[in-house]
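A.B. asks: The structure that follows is given in the form of structure tokens.
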Amino acid sequence: MNNDAYEMVIGLEVHAHMLTRSKLFCGCAADFGAPPNHNVCPVCMAMPGVLPVLNRRVVDLAIRTGLAAHSKIEPHSVFARKSYFYPDLPKGYQISQYDQPLCRGGYIELPARQGEPRRIRLVRIHLEEDAGKNIHADSASLVDFNRSGVPLMEIVSEPDIRSPEEAVDYLRELRGILVAVGASDGKMEEGSLRCDVNVSVRTRGATELGARTEIKNLNSFRFVEKAIVYEANRQIEEVGAGRRIAQETLLWDPEREVTRPMRSKEFANDYRYFPEPDLPPLIVPPDLVESIGTTMPELPAYKREKYAKDFGLTPYEVGVLLGRDDLGDYFTQVLAMGVNAKSAANWVMTEVLRAANESGKPLAQAAPEPQETGALLKMVEESQISLNAAKNAFAAMCGSRKGAAATVAELGLAQVSDEAAIAGACDRVLAAESAKLAEYRAGRDKLYGFFVGAVMKAMGGKGNPKVVNEVLRRKLAG
Amino acid sequence: MGSELNRLTITEARERLRRREITSRELTRDCLARIAAVEPRLNAFITVCEAEALAQADDADRRLATGDAPDLCGIPLGIKDIYCTRGVRTTCASKILGDFTPPFDATVIEKLRAAGAVFVGKANMDEFAMGSSTENSAFGPTRNPHDLERVAGGSSGGSAAAVAADECLAALGTDTGGSIRLPASFCGVVGIKPTYSRVSRYGVIAYASSLDQVGPFAHTVRDVAAVLQAVAGADPRDSTCSARPVPDYERALTGEVRGMRIGVPKEYFVEGMDAAVEMAVRNSLKQLESMGARTVEISLPHTGYAVAAYYLIATAEASANLARYDGVRYGLRAVADNNIELYNRTRAQGFGAEVKRRIMLGTFALSAGYYDAYYMKGQKVRTLIRRDFERAFEGCDLIAAPVAPATAFRLGEKTDDPLKMYLSDIFTISVNLAGLPGMSVPCGADARGMPIGLQLIGPPFGEEAILRAGDAWERSGGFVPRAPRL
Amino acid sequence: MAQEKISLEQVRHVARLARLELAPAEEQRLQVEMSEMLGYVDKLNELDTDAVEPTTQVGESGTPVREDEVTNHPAADAMLANAPAREGFFFKVPKIIE
């Protein structure tokens, strides 16, 4: 931010498409990609006389999300009608939740960039149905109701965020949670997550909130970051010039990289909420919440802590490993082979990541099977091969797709640990370098490295360094 | 002179069908002939389904021939045009649905089809079920078969008149504030509104979601029980529909009312009530007492507030239920350059005056700043009304009352004064607010011969009690309804 | 004589919310009729309902749910059969200005 006198205050509202087979209130398919109006029925198209019936999986997924976000799961919540007119809203109202949502409170813990981890508090999480889609042709608009009735979770944060980077961290963490509990596929580019950003500014140190604007429907991290930067700066300029911030709804223009007001204000602000008479209250018994609690997966924050504590990894290492799902998965599977965590982490972050980045292919295709990588690393741990040899083997495995043992054998990389063989090599080297030997014994310790190198060379690089050092030191000592 | 099989009751007809004395085709043809004869004067039907009905009748006859046919197999019914019927135009008596032809059946229609029933036509009604006289139809009013200058009642006027005029043996209506009981009373037939949630609302075009309920009309209580049996019960497509098992309603018709405690609410016998109505109702109660029932005076103190509460709740729900009629996906579409015009004009052109009135009132009742004072207040008073009935049923088994303060009024008599029209429902509306079952059985006629109905109200899921009392009354001979001279 | 419980401006506002285009005569008449109705429903204020819960459901309690299965199959032509205007498999409406 270019003006230290002010701070920005950000709140995020995320709409996440829920990963269900069918829609929220009817048995139409909820997936994407179907031809227009092929995933519709009288219910989600709002024909006369139709009625909604709740998808039970949606409730489970919302509870999982609420538990992961440390929210209170309300035993009694209510669906409500939110009325407004728009061609993609077939009933003329959206079934949502208003003053009695399914989850209240909670927080998202962000990985620490520096210092302590930050907690962004949540206001609520609630369920609602999505609307259809309008496509704009030349002289008309075309409406497709495939998306109408698809289940959404709306996750609302308190205005606790203070920078664009923090906003992105929040979104990334939230997405990680949603993917981990199976509530969403997290693919923002495909529209699985949409974000509305509330932005206001105030003088640093002030406690009251300034007037805020709402930027709607951002569907990438990059846009979120840019939009926040732009809008916060715009507001600071306005405030600095003594002007008032108009409380309005904005859109982000990715071409010109500016925010601009939504032209149509057909969205009357009076939604005339009232409890949905076609649906009884949503009763969530405590034992349902408990049983769902027992099936919860490892969540990102927990994983981070575990990785740091149990495996002695630094925050940076944890960040890299858990920054990509595929990398984290890969690491977990390598670990499962019994490899030391630090070594595994290091290997995955260097050799594996490099292989993926250089080949441009997905991780699964660029790197060997994690089981084989694990096996390779175990061979290093057990001194069967040297670290260098492992690197060579790995490079070969990336291309050949052959296993660790086979590759090591094929390339003849097996490390020699046999004392007799090493002793023999040492004897030969010392015999050939008698002058240097005398110098060493006279006190030129620096020559040690020379002898190690010579012995290794004599062994074709395959000497087990540990044993070589032991034997060589003995022999050098005389 | 042709046969007049259309004048049979269901009880009589199903027996004769079973014994193959008559066929469904013959029965249906007689109904269709009657329809052709009286419809120009009556206007009980918006759509007559001659070809479909005969095809259904033939199917029914095939099933009957096997000797293994369901109870209503081959019985011709009228269907209020509020039920979605696959492949048959459904208008809800409104212009705004245009030629909308549903690609699906309402659940109760599916059930009746499975039961082998025959649908002779879609019956006229007040537009979107909003009215008490069937004068709010976009297809003209339905006249009362007993006096063509008078209304048939509403909103299920077409269904009631069709049964009264023997155009069909029974008919389906809906009741949100009295729309089955009032026309039943005005037309001199039996009509029952079951407990809210007893029958599925899926495919029933919604007016007020927490009040609408499906129910049948017929000439006798036994007939009405038979149709109710066929439509009641759980439906996974309706989240408000009860899964409670459906009893055998005809089994309840024992004729026995000894020991029954009948509550008589003092608030329902008001000044300004038609003397003939009061007398007919009180006479029927005396008759029931002579058969061993006991009357006990009860009080439903919040009766006077019911109409006000109803017109806030029902209109609010309706304002949202009718928001889908916008010309985008089906129905009428006005010429328009932009979407605001599309919506504004389509709805202005498509909805009648009463519907607009209620949408406006309901929208206002929900709007910012008024929600608490209107909608919320109405729902709170509803709780008080429900409690009145709960308390009353601690001391009685069912409640008896008039259906309306008077008999059928003249066409046009109340159309200038909406509030006056709304007050026709003063005795029926509380029952909807409390979600209770209520039935109208003919109990008398006024000096002009216009029918008077006795209202029997039960506790939740108390259909058996009111059917039993109604049936006992009917069979006691206390009043013999006269067929209309058409 | 119904006192004015709702102004003409409010009537217009409600008509906008409800997407009903009203002719001036209709507006006037609705103002009178709504005033009358709102005057009538004022009688509810005779009742003290502070401690009373609103009824929003008159059915039974419990939350009916359905399994997360796809039970509907594509039937686009049937769903579009009643469309007042269509283009291909889309519903067509006047161009929406965003």
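The values are calculated or read from the model by the stated rules, or taken from the named source; none is laboratory data. Everything numeric here is computed off the predicted structure, so don't read it as measured data. Backbone-built Cβ (ideal geometry, glycine too); neighbour counts: all protein chains shown.
A.B. asks: Condition test on C:Glu46, is it more than 7 Å from chain A (Cβ to nearest Cβ), over 27 Å from A:Val59 (Cβ atoms) and not hydroxyl-bearing (Ser, Thr, Tyr)?
C.D. replies: Spelling it out, C:Glu46 is indeed more than 7 Å from chain A (Cβ to nearest Cβ), over 27 Å from A:Val59 (Cβ atoms) and not hydroxyl-bearing (Ser, Thr, Tyr).
A.B. asks: In this structure, is A:Asp278 within 28 Å of A:His126 (Cβ to Cβ), of a type in the set (Asp, Glu) and part of a loop (DSSP other than H, G, I, E, B)?
C.D. replies: Yes, satisfied.
A.B. asks: Test of understanding: among A:Glu372, A:Glu382, which residue is surrounded by 13 or more Cβ atoms within 10 Å (Cβ to Cβ), in the same structural domain as A:Tyr330 (by TED's automatic domain parsing), out of contact with any Pro (no Cβ under 7 Å at 6 or more places or on another chain) and of a type in the set (Asp, Glu)?
C.D. replies: Unique residue meeting the criteria: A:Glu372.
A.B. asks: Is it the case, given these coordinates, that A:Ala183 is loosely packed, with under 13 Cβ neighbours inside 10 Å and assigned to a loop (DSSP other than H, G, I, E, B)? Show your work before the answer.
C.D. replies: Numbers: loosely packed, with under 13 Cβ neighbours inside 10 Å: no; assigned to a loop (DSSP other than H, G, I, E, B): yes.
No.
A.B. asks: Can you confirm whether the range A:78-95 contains a residue that is more than 14 Å from chain B (Cβ to nearest Cβ) and in contact (Cβ under 8 Å) with a residue 24 or more places away in the chain?
C.D. replies: Within the range A:78-95, not a single residue is more than 14 Å from chain B (Cβ to nearest Cβ) and in contact (Cβ under 8 Å) with a residue 24 or more places away in the chain.
A.B. asks: Restricting to the range A:431-478, name every residue that is among the acidic types (Asp, Glu) and outside any helix (DSSP H, G or I).
C.D. replies: Matches in the range A:431-478: A:Glu433 only.
A.B. asks: Further, regarding this structure: Filter the range A:4-38 down to residues that are buried (at least 24 other Cβ atoms within 10 Å of the Cβ) and at the interface with another protein chain (Cβ under 7 Å from one of its Cβ atoms) and give me whichever is nearest to C:Arg86 (Cα to Cα).
C.D. replies: Checking each candidate, the answer is A:Asn37.
A.B. asks: Let me ask you something else. Taking the residues in the range B:237-277 that are away from chain C (no Cβ under 14 Å), of a type in the set (Lys, Arg) and touching an Asp or Glu at 6+ places or on another chain (Cβ under 8 Å) as candidates, determine which candidate is nearest to B:Ala170 (Cα to Cα).
C.D. replies: Per the stated criteria, the residue is B:Arg261.
A.B. asks: While we're on this one: Assuming A:Leu171 fulfils every condition listed in (1) within 14 Å of chain C (Cβ to nearest Cβ); (2) over 30 Å from B:Tyr330 (Cα atoms); (3) not in a loop (DSSP other than H, G, I, E, B) apart from one, which condition is it?
C.D. replies: (1)
A.B. asks: Could you list all residues from the range C:64-77 that are at the interface with another protein chain (Cβ under 7 Å from one of its Cβ atoms) and surrounded by 14 or more Cβ atoms within 10 Å (Cβ to Cβ)? Spell out how you get there, then give the answer.
C.D. replies: Our first condition is that a residue be at the interface with another protein chain (Cβ under 7 Å from one of its Cβ atoms); within the range C:64-77, this holds for C:64-72, C:74, C:76.
Passing the criteria: C:Pro64, C:Val65, C:Arg66, C:Asp68, C:Val70, C:Asn72, C:Pro74, C:Ala76.
A.B. asks: If you go through the range B:63-87, how many residues are under 19 Å from B:Arg29 (Cβ atoms) and either out of contact with any Lys or Arg (no Cβ under 6 Å at 6 or more places or on another chain) or within 14 Å of chain C (Cβ to nearest Cβ) (or both)?
C.D. replies: Residues in the range B:63-87 being under 19 Å from B:Arg29 (Cβ atoms) and either out of contact with any Lys or Arg (no Cβ under 6 Å at 6 or more places or on another chain) or within 14 Å of chain C (Cβ to nearest Cβ) (or both): 9 in total.
A.B. asks: Sticking with this structure for a sec: Filter the range A:433-457 for residues that are surrounded by fewer than 12 Cβ atoms within 10 Å (Cβ to Cβ) and of a type outside the set (S, T, N, Q) and give the result.
C.D. replies: Within the range A:433-457, A:Ala435, A:Ala438, A:Ala442, A:Gly443, A:Asp445, A:Lys446, A:Gly449, A:Gly453 meet the criteria.
A.B. asks: Let me spell it out: the conditions are (1) facing chain A (nearest Cβ under 9 Å); (2) touching a helix residue (DSSP H, G or I) at 6+ places or on another chain (Cβ under 7 Å); (3) crowded, with 18+ Cβ neighbours inside 10 Å; (4) not β-branched (Val, Ile, Thr), and C:Met37 meets all of them except one. Which number is the exception?
C.D. replies: Failed condition: (1).
A.B. asks: A further question on this structure: Take the conditions among the polar types (S, T, N, Q), surrounded by 17 or more Cβ atoms within 10 Å (Cβ to Cβ), assigned to a helix (DSSP H, G or I) and outside the structural domain of A:Arg172 (by TED's automatic domain parsing) and apply them to A:Thr332. Does it pass?
C.D. replies: Considered against the rule, which asks whether it is among the polar types (S, T, N, Q), surrounded by 17 or more Cβ atoms within 10 Å (Cβ to Cβ), assigned to a helix (DSSP H, G or I) and outside the structural domain of A:Arg172 (by TED's automatic domain parsing), A:Thr332 comes out as no.
A.B. asks: Scan the range B:334-352 for residues that are touching a residue at least 24 places away in the same chain (Cβ under 8 Å) and either more than 7 Å from chain C (Cβ to nearest Cβ) or in contact with a strand residue (DSSP E or B) (Cβ under 9 Å, 6 or more places away or on another chain) (or both) and jot them down.
C.D. replies: Listed by number, the residues that qualify are B:Thr346, B:Gln349, B:Gly350, B:Phe351, B:Gly352.
A.B. asks: Which condition from (1) facing another protein chain (nearest Cβ under 10 Å); (2) buried (at least 24 other Cβ atoms within 10 Å of the Cβ) is the one that B:Ala234 breaks?
C.D. replies: All conditions pass for B:Ala234, except number (2).
A.B. asks: Kindly provide the set of residues from the range C:1-30 that are polar (S, T, N, Q), more than 10 Å from chain B (Cβ to nearest Cβ) and in a helix (DSSP H, G or I), ordered by number.
C.D. replies: C:Gln28 - this is the single residue of the range C:1-30 that is polar (S, T, N, Q), more than 10 Å from chain B (Cβ to nearest Cβ) and in a helix (DSSP H, G or I).
A.B. asks: Quick one: which residue in B:Ile452, B:Ile466, B:Ile457, B:Ile429 is β-branched (Val, Ile, Thr), modelled with pLDDT of 95 or more and touching a Cys at 6+ places or on another chain (Cβ under 9 Å)?
C.D. replies: Values: B:Ile466 fails: touching a Cys at 6+ places or on another chain (Cβ under 9 Å); B:Ile457 fails: touching a Cys at 6+ places or on another chain (Cβ under 9 Å); B:Ile429 fails: touching a Cys at 6+ places or on another chain (Cβ under 9 Å).
Unique residue meeting the criteria: B:Ile452.
A.B. asks: Taking C:Ser61 and the conditions (1) at the interface with chain A (Cβ under 9 Å from one of its Cβ atoms); (2) surrounded by 15 or more Cβ atoms within 10 Å (Cβ to Cβ), which numbered condition does it fall short on, given that it satisfies the others?
C.D. replies: (2)
A.B. asks: Continuing with the same structure: Just to be sure before I move on: is B:Ser239 polar (S, T, N, Q), under 19 Å from B:Tyr422 (Cα atoms), surrounded by 24 or more Cβ atoms within 10 Å (Cβ to Cβ) and at pLDDT 95 or above in the structure I sent?
C.D. replies: Considered against the rule, which asks whether it is polar (S, T, N, Q), under 19 Å from B:Tyr422 (Cα atoms), surrounded by 24 or more Cβ atoms within 10 Å (Cβ to Cβ) and at pLDDT 95 or above, B:Ser239 comes out as no.
A.B. asks: So if I check each of B:Gly477, B:Gly453, which one is outside any helix (DSSP H, G or I) and over 17 Å from B:Thr254 (Cα atoms)?
C.D. replies: Of B:Gly477, B:Gly453, the one residue that is outside any helix (DSSP H, G or I) and over 17 Å from B:Thr254 (Cα atoms) is B:Gly453.
A.B. asks: When the range A:40-60 is examined, which residues are found to be more than 7 Å from chain C (Cβ to nearest Cβ) and part of a loop (DSSP other than H, G, I, E, B)?
C.D. replies: Within the range A:40-60, A:Pro42, A:Val43, A:Cys44, A:Ala46, A:Met47, A:Pro48, A:Gly49, A:Val50, A:Leu51, A:Pro52 meet the criteria.
A.B. asks: Another one. Among all residue pairs at least 6 apart or on different chains, which show Cβ distances below 6 Å where the first residue, located in the range C:81-94, is within 17 Å of A:Asn39 (Cβ to Cβ) and the second is of a type in the set (Phe, Trp, Tyr)?
C.D. replies: C:Ala83/C:Phe91
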